[in-house]
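Asker: Sharing a structure, written as structure tokens. Questions coming.
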Amino acid sequence: MNYWHLQLQPDDKLSIDTIKEVLKTKKAIGLGEYWEDKNGNPVSDPKYFKNDMKIGDIVMVRETTTPIALVKIMGDYYVEENSNYEFDWFPLRRNIEIINFYDQNIHQNLLNNILKEYNTKHIQASKTLTFCENDNATNNFIWQWHNLENKKMESQKKIDILKYKKQIILQGPPGTGKTRLAKEIANDLLNDNPQNLSPKELIENFFKLGKSDKIYNENFKNRLEEFYDFFPKDQFSKMELDDYCIGKRNNTNFCWWIEKGLDKYGKFTPGNSGNYVIYFSKTDEDYRLTKFLKEGIFDMLVNIQNALSDLAEKENIAEASKLFGDSFIIKILNSYYPEKYFPINGRTSLVNLMKIFDMSFKKIATIELNKNVQNLFNEYKNRYPSDITTLDFMHFLYSKFDLKKDGNLYEDSNELDVSRKPNLIQFHPSYTYEDFVRGIVATPNDKGEGIIYKAEDRSLIKLALDAKDNQDNNYVLIIDEINRANLSSVLGELIYALEYRGKEVDSLYEIDGEGNKITLPSNLYDIGTMNTADRSVGHIDYAIRRRFAFVDVLPKELNDDKIIFHKDLFREVSTLFIENYDEHISNEKVALKRAKTLSEEFRPEDVWLGHSYFIQKKLAENLLEPEDFRIRIDYEIKPILLEYVKDGILIGKVDGKAIEDYIKAL
């Protein structure tokens, strides 16, 4: 496969929009010259177009120095007798497939970075048709643009499969980048930002173009009215212990409403009952204090009544701050004054929002940070009037940014990493259902005098609950080395839930107050990775195979200016596994043919050494990792190849040498 760039414009007569229309309707590119001049001599550009350009080559179509489209050659040259000089003016043609049109919002940053790197103002375009062979800004841009589109297409195919099956396994030999690909797929699924907009630009676009979820907002108003019926602002002095305390498995107490009853409209997580000061202990069948242990229960109830009265009636936080945490206070204020307090109450999320907007957050109270976000919302609403509410904005923020995680946002606003991240775990042979789904944990009892055993949700179910609470957002769990555990044992009854999303299944264990039902929502996606060369791992039975889509991730040549790819060594090692290397690299759809040095017991797709082994990363200041590639050859490539020989995977001779000696001489 070769790269070219071509000016598809006769004497500057056609607009860029017209050229795009020509490409879309005629599905061809070409030249307006004849193959030969008057004397019968080949004309240079048509000669290259006819003889040197091949099916599968990539061409950037341009208008002088402006990129228009990236296309793939799909057919041999031909002459079109009925060309229209005002439209498809070129008689000398090849049929093409459009890879993508140049989009300034998406591709301009890439182009600008390359132009800056090469210290030039625009792409070079000295001839009508140019073969890309030298290291310059134009060629580098074409290579990187095509690499970007390849990654997008490869990722999109896998995303389409994942959306259909809900769970896939990326399988392949070692070193093919399965975990990296899983993260890229997850990133595309979690972060829909094709224009590569900054966080502030994304937020501004939301207020310009976003729509309010009217049903969701109406449900919130109705839910608040129901809450006010139970707990009017002026009735806290009459509140009894049963009205306030959580723990009796009823849905009428104040703490239940704040934690559960209104959680779809701004989630508050107490962490433990300590936030509430008083709770009902199921173990002791009595009310307990979590702090102020020298005080009496009823004395503390009076203090809570007074603090909540001040908070709900007057927005006075002085007494409440002595008893409760900031998040609890903010959730209460937002419930009674939703127009004045923003529905995000966690300090980490609020601090991360301050970082996005380059606003101060150090030594600023959490409640003040909440007010700052509410003020920002009001400013955007004044600038872009709409029916968008604070709840709509909250949902947007959590769908676009990973606000809840400490450390994901840096204090330098130029280094913001606000993307949502997938959850990643790694299976191993001792991994169990109790590690992955739900298990029993031992905790001290309320008095600290004994042990209580209770069921607790694990990583999968915790993520499933988050996904169930936020149906508008996608959630991704990456399971690295998925086949190293006994999958049938680890998944248990979830084998059914994986296929029938939204259907309840009975867990082995019951969560206190919530029962033993488990549901996997449709917006939770699972991506597993599997090293097909590892024969020591657990067997994947047919029941599980039917519920996962298996996607091959095979070795390939890399073309990326951020790395040095040792293509010659990769080719040499690859021919130990396959005999049709050149044919397969040119067309990945061509089936692999086993090399004579690969045992017939093994498929090349399972053991062919991956491209990651043949990379040196380019670091800052012209440094490389590893600095000496010989280290990777001697301590990574050779050892695994020699292990293959020991296991009978690689056999025979190469150029008259025993294969073991051939590998040692690499």
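The values are calculated or read from the model by the stated rules, or taken from the named source; none is laboratory data. Treat the numbers as computed from the prediction; the structure is a model and nothing was measured. Here the Cβ positions follow ideal geometry from the backbone for every residue, glycine too, while neighbour counts run over all protein chains shown.
Asker: Give me the helices (runs of 4 or more DSSP H) completely within the stretch 163-279, filtered to those with at least 2 residues that are outside the structural domain of Asp469 (by TED's automatic domain parsing) and either closer than 30 Å to Ile640 by Cα or modelled with pLDDT under 90 (or both), ordered by residue number.
Answerer: Counting at least 2 such residues, we get 178-190, 199-209.
Asker: What number of residues within the stretch 381-393 are surrounded by 18 or more Cβ atoms within 10 Å (Cβ to Cβ) and in contact with a Phe, Trp or Tyr (Cβ under 7 Å, 6 or more places away or on another chain)?
Answerer: The total comes to 4.
Asker: Mind checking which residues of the stretch 483-515 are free of Cβ contacts under 8 Å to residues at least 12 places away in the same chain and more than 25 Å from Lys158 (Cα to Cα)?
Answerer: Glu514, Gly515
Asker: Go through the residues of the stretch 577-593 one by one and say whether even a single one is small (Gly, Ala, Ser) and either within 18 Å of Asp647 (Cα to Cα) or under 24 Å from the mean Cα position of the chain (by Cα) (or both).
Answerer: Within the stretch 577-593, none of the residues are small (Gly, Ala, Ser) and either within 18 Å of Asp647 (Cα to Cα) or under 24 Å from the mean Cα position of the chain (by Cα) (or both).
Asker: Output the helices (runs of 4 or more DSSP H) that fall wholly within the stretch 596-666 and possess 2 or more residues being under 38 Å from the mean Cα position of the chain (by Cα) and surrounded by 15 or more Cβ atoms within 10 Å (Cβ to Cβ), or say none.
Answerer: Hits in the stretch 596-666: 604-607, 629-632, 638-646.
Asker: So, one more: Would you pick out the residues in the stretch 293-330 that are within 30 Å of Phe342 (Cβ to Cβ), of a type in the set (A, V, I, L, M, F, W, C) and in a loop (DSSP other than H, G, I, E, B)?
Answerer: Within the stretch 293-330, Ile317, Phe324 qualify.
Asker: Kindly indicate whether any position in the stretch 204-217 is under 18 Å from Arg420 (Cβ atoms) and in contact with a Lys or Arg (Cβ under 9 Å, 6 or more places away or on another chain).
Answerer: So far as the stretch 204-217 goes, yes, one or more of its residues are under 18 Å from Arg420 (Cβ atoms) and in contact with a Lys or Arg (Cβ under 9 Å, 6 or more places away or on another chain).
Asker: Just to check your reading of the model, which residue among Leu460, Leu403, Leu353 is at pLDDT below 90 and under 22 Å from the mean Cα position of the chain (by Cα)?
Answerer: Result: Leu403 is the single residue among Leu460, Leu403, Leu353 that is at pLDDT below 90 and under 22 Å from the mean Cα position of the chain (by Cα).
Asker: Are any residues in the stretch 352-363 under 19 Å from Ile330 (Cα atoms), in contact with a helix residue (DSSP H, G or I) (Cβ under 8 Å, 6 or more places away or on another chain) and free of Cβ contacts under 8 Å to residues at least 40 places away in the same chain, and if so, which ones?
Answerer: Met354, Phe361
Asker: If the requirement is being hydrophobic (A, V, I, L, M, F, W, C) and closer than 30 Å to Leu376 by Cβ, which of these qualifies: Leu181, Leu197, Leu162, Leu115?
Answerer: Leu197
Asker: Taking the stretch 503-513 only, how many residues are touching a helix residue (DSSP H, G or I) at 6+ places or on another chain (Cβ under 9 Å) and either small (Gly, Ala, Ser) or more than 12 Å from Val437 (Cβ to Cβ) (or both)?
Answerer: Going through the stretch 503-513 one residue at a time, the tally reaches 3.
Asker: Answer yes if at least one residue in the stretch 444-458 is hydrophobic (A, V, I, L, M, F, W, C), closer than 30 Å to Thr176 by Cα and surrounded by 15 or more Cβ atoms within 10 Å (Cβ to Cβ), and no otherwise.
Answerer: no
Asker: Something else now. How about the stretch 463-475: which of its residues are farther than 16 Å from Ala497 by Cα and over 18 Å from the mean Cα position of the chain (by Cα)?
Answerer: Correct list: Asp469 only.
Asker: Could you tell me which of the residues Glu600, Glu627, Glu636, Glu579 is free of Cβ contacts under 8 Å to residues at least 12 places away in the same chain, among the charged types (D, E, K, R) and within 23 Å of Lys657 (Cα to Cα)?
Answerer: Glu600
Asker: Another one. In the stretch 71-95, how many residues are assigned to a strand (DSSP E or B) and in contact (Cβ under 8 Å) with a residue 60 or more places away in the chain?
Answerer: Adding up the residues that qualify gives 4.
Asker: Of the residues Ile68, Ile106, Ile98, Ile123, only one is touching a residue at least 12 places away in the same chain (Cβ under 8 Å), under 19 Å from Glu149 (Cβ atoms) and either over 35 Å from the mean Cα position of the chain (by Cα) or part of a loop (DSSP other than H, G, I, E, B) (or both); which?
Answerer: Exactly one residue qualifies, and that residue is Ile123.
Asker: Considering only the stretch 334-370, state which residues are of a type in the set (Phe, Trp, Tyr), closer than 23 Å to Ile388 by Cα and not in a helix (DSSP H, G or I).
Answerer: Correct list: Tyr337, Tyr341, Phe342, Phe357.
Residue by residue, here is whether (1) out of contact with any strand residue (DSSP E or B) (no Cβ under 8 Å at 6 or more places or on another chain); (2) modelled with pLDDT under 90; (3) of a type in the set (D, E, K, R) holds:
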| position | (1), (2), (3) |
| --- | --- |
| Trp4 | no, no, no |
| Gln7 | no, yes, no |
| Lys13 | yes, yes, yes |
| Asn41 | yes, yes, no |
| Val59 | no, no, no |
| Thr64 | no, yes, no |
| Ala69 | no, no, no |
| Met74 | no, no, no |
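Asker: Select from the stretch 126-151 the residues that are free of Cβ contacts under 8 Å to residues at least 24 places away in the same chain and within 34 Å of the chain's Cα centre (by Cα) and list them in ascending order.
Answerer: Of everything in the stretch 126-151, those that are free of Cβ contacts under 8 Å to residues at least 24 places away in the same chain and within 34 Å of the chain's Cα centre (by Cα) turn out to be Asp135, Asn136, Ala137, Asn150.
Asker: Taking the stretch 431-443, which residues are in contact (Cβ under 8 Å) with a residue 24 or more places away in the chain, surrounded by fewer than 19 Cβ atoms within 10 Å (Cβ to Cβ) and not charged (D, E, K, R)?
Answerer: Thr432, Gly439, Ile440
Asker: Hey, can you tell me all the residues within the stretch 209-237 that are touching a helix residue (DSSP H, G or I) at 6+ places or on another chain (Cβ under 9 Å), loosely packed, with under 15 Cβ neighbours inside 10 Å and among the basic types (Lys, Arg)?
Answerer: Of everything in the stretch 209-237, those that are touching a helix residue (DSSP H, G or I) at 6+ places or on another chain (Cβ under 9 Å), loosely packed, with under 15 Cβ neighbours inside 10 Å and among the basic types (Lys, Arg) turn out to be Lys211, Lys233.
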